[in-house]
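Here's the structure we're looking at; comments come further down.
The values are calculated or read from the model by the stated rules, or taken from the named source; none is laboratory data. The shown structure was predicted, so the numbers you read here are calculated from the model rather than taken from an experiment. All Cβ positions, even for glycine, are placed from backbone atoms using ideal geometry, and neighbour counts span all protein chains on display. Calculation scope for accessible area: heavy atoms of the full protein, side chains included, ligands and nucleic acids excluded. Shrake-Rupley method; radii C 1.70, N 1.55, O 1.52, S 1.80 Å.
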Amino acid sequence: SDHMENICGYLMKYTNLVTGWQYRFFVLNNDAGLLEYFVNEQSRHLKPRGTLQLAGAVISPSDEDSHTFTVNAASGEQYKLRATDAKERQHWVSRLQICTQHHTEAIGKNNPPLKSRSFSLASQGSANSPGMQRRPSQNAVSFFNVGHHRLSTGKRVPILQPDHLVDVREMMSQAEGQQRDLIRSIECLPVSGHLTSLDQDLLMLKATSMATMNCLNDCFHILQLQHASQQKGSLPAGTTISWLEPKISLSNHFKNGAAQNFPAEINKPASVREEQSVAEPCQLTREPEEINPDEELEDLCDDKEDDLGAVEEQRSVILHLLSQLKLGMDLTRVVLPTFILEKRSLLEMYADFMSHPDLFIAITNGTSPEERMIRFVEYYLTSFHEGRKGAIAKKPYNPIIGETFHCSWRMPKSEVATDAGSNFSARSPSEQVTLTKDLEGRAELDYYTVKFVAEQVSHHPPVSGFYAECVERKMCVNAHIWTKSKFLGMSIGVTMVGEGLLSLLEHEEEYTFSLPCAYARSILTVPWVELGGKVNINCAKTGYSASINFHTKPFYGGKLHRVTGEVKQNTTNTVVCRVQGEWNSVLEFTYSNGETKYVDLTKLSVTRKRVRPIEKQGPFESRRLWQHVTESLRDGDIDKATEHKRALEERQRNEERLRAETETPWCTKYFIKEGDGWVYHKPLWKAVSAVQNQQTDTN
């Protein structure tokens, strides 16, 4: 081919978590079909440090950024490489793909056509995975020989007719039978020896073959619905096209979230026995507890989730789990392995959305409805960045029912953006004194206090309620969120179902808002988080609204973490502010007067939350509840962390069973169900209303 050429140059190669990225000199040898690398250009006359056979390889541009790409060889070895820019990456990727295609086709031409042929698997494992280190040069063909039956090419049918759907169903049934035989053959292999049932490549084959058959079944189901609609002219009323329900039941092996055999009860640590023996929550005090902010101390905990070591070591467990999941499967009842957990509860993660209390308090200082809506949008878009602890996507603990989390923030008044006429000091003295007892005690303080409380109010479905308030500024936010997670193949999607309500009592305004979906991408390599979907913010009283789009990265091209939005006045349909940028980097706000403001989230100051010491927390407060799991994860003891986590889950199941047998309803502590939502039992708007009524009666 005219496009085949030997190229060489420096690229960065990812070695491992310790060494990281290193510059290496790479040479593409088209004649031999090899990709070789050397320490530097001067040493290219020596033996290469590494060599990859490109026949049967897969060259993949990474969706992490525009510079990175991977070369997955048929042997299972992988190079993760990074060019200096997008143009250079495209040059290397195109040349590698041409060379790969040429040598792959050459192998096919040199082999006689058979009804059944061998094929190799391009492993998605990392270059330092256990499977790769075990046999760096062994070709997958040496132990794979999977039947692949060719379809007849004698007939070409432009339109799929009903009888062809029957033919497709029959072929799919044959394929399903072959796939079951394949799975059975792999699972019958011994657990030790040269080739085992937990072999990296075999586990990958199980996962991909299962996902392929599930995807084909879903597509066939959609074709059947489309055929039915063509016959009737439209889909029947109430019919929806959606993912099929899972046909595969997870084994008990993974319902407890790990593949370990746990020791007998007598050998369990005292902390585990204590976790299992805590009394039924409803038998403990379920009365709301008033937390004194003066007892809370500045949080010094900083668990950044940048350690990928445990995920690398447990890749076989992830692959085994993935092989039993179905596309679109609801993961709510699937307890995932402990080593992918973040060292905090989901309730605490919600609290981190309030890490910029200065921007939150400044909302009510806006002098006009337009300015207040814009300030709320600015705060909203800056709240997601701090919610992620590090670049690695890990999953926070699933809160157990009755779990709570409390914290607060102190914000110096001098650091909150104010406007003339909107200072707290402009309020009448009687209002300041009679609002609440908390407010009376803080009259001389030079800081605002934002209090936060969250509670897991339901287990199935998993619903969390959280509430935050700043009494001095007469503002509060109440929200309830139902997290729905689904398996999407090589990623996991989490939909945040629910609604939030921000109340600015000084202006008698209420703002409703929703939350975007979250996606954990590249779960087999370096997992990372992406937000996606459209959210709306509305204020019925003022007629202002905001529409915000979190854009997921397209398969080819495009930027990561992109967000766009606009604020408009609904009555006149006038756009008063536009925003664009990245939700974890730089945001650009353009106002109707032509002014532009840039917000660099990486340089935005973060106010540390204040939390009571664990010894002063109740038994169902998040940090005390999960303390043994967290400590074990920090120590790198995955087995012990799994044991503690399993004890908590067992206790929750036993409590749920007992409530069902005694027909005892669950009683929440801080939130009350109102309609389809959950509302804090003592919201600030009730206190303000009571004060106003008292003043009216006095007058």
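Below are the figures for this structure:
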quantity	calculated
Test result for VAL166, open to solvent by 90 Å² or more (accessible area, probe 1.4 Å), modelled with pLDDT under 80 and under 35 Å from the mean Cα position of the chain (by Cα)	no
Residue check for THR630: in a helix (DSSP H, G or I), of a type in the set (Ser, Thr, Tyr) and open to solvent by 30 Å² or more (accessible area, probe 1.4 Å)	no
Residues of region 566-598 that turn out to be on the phi > 0 side of the Ramachandran plot and surrounded by 13 or more Cβ atoms within 10 Å (Cβ to Cβ), as a count	1
Residue that is open to solvent by less than 20 Å² (accessible area, probe 1.4 Å), under 37 Å from the mean Cα position of the chain (by Cα) and at pLDDT below 90, where the choices are GLY50, GLY76, GLY56, GLY9	GLY76
Filter pass, VAL606 being open to solvent by less than 20 Å² (accessible area, probe 1.4 Å) and at pLDDT below 90	no
Lone qualifier among SER209, SER197, SER185 - being within 23 Å of VAL58 (Cα to Cα), among the hydroxyl-bearing types (Ser, Thr, Tyr) and modelled with pLDDT of 55 or more	SER209
Hits in region 478-520 (condition: over 26 Å from MET373 (Cβ atoms) and either of a type in the set (Ser, Thr, Tyr) or in a strand (DSSP E or B) (or both))	TRP482, THR483, LYS484, SER485, LYS486, PHE487, SER491, ILE492, GLY493, VAL494, TYR519, ALA520
Within region 498-513, tally of residues that are among the hydroxyl-bearing types (Ser, Thr, Tyr) and surrounded by fewer than 20 Cβ atoms within 10 Å (Cβ to Cβ)	1
Residue within region 665-676 that is touching a helix residue (DSSP H, G or I) at 6+ places or on another chain (Cβ under 7 Å) and assigned to a loop (DSSP other than H, G, I, E, B) present	yes
Residues within region 514-538 that are open to solvent by 40 Å² or more (accessible area, probe 1.4 Å) and aromatic (Phe, Trp, Tyr), tallied	1
Check on LEU560, within 26 Å of ALA468 (Cα to Cα) and surrounded by 16 or more Cβ atoms within 10 Å (Cβ to Cβ)	no
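A quick yes/no check of all residues on (1) in contact (Cβ under 8 Å) with a residue 60 or more places away in the chain; (2) in contact with a strand residue (DSSP E or B) (Cβ under 8 Å, 6 or more places away or on another chain):
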{"position": "GLY533", "(1), (2)": "no, yes"}
{"position": "THR542", "(1), (2)": "yes, yes"}
{"position": "ALA546", "(1), (2)": "yes, yes"}
{"position": "THR564", "(1), (2)": "no, yes"}
{"position": "VAL567", "(1), (2)": "yes, yes"}
{"position": "THR571", "(1), (2)": "no, no"}
{"position": "VAL576", "(1), (2)": "yes, yes"}
{"position": "GLY594", "(1), (2)": "no, no"}
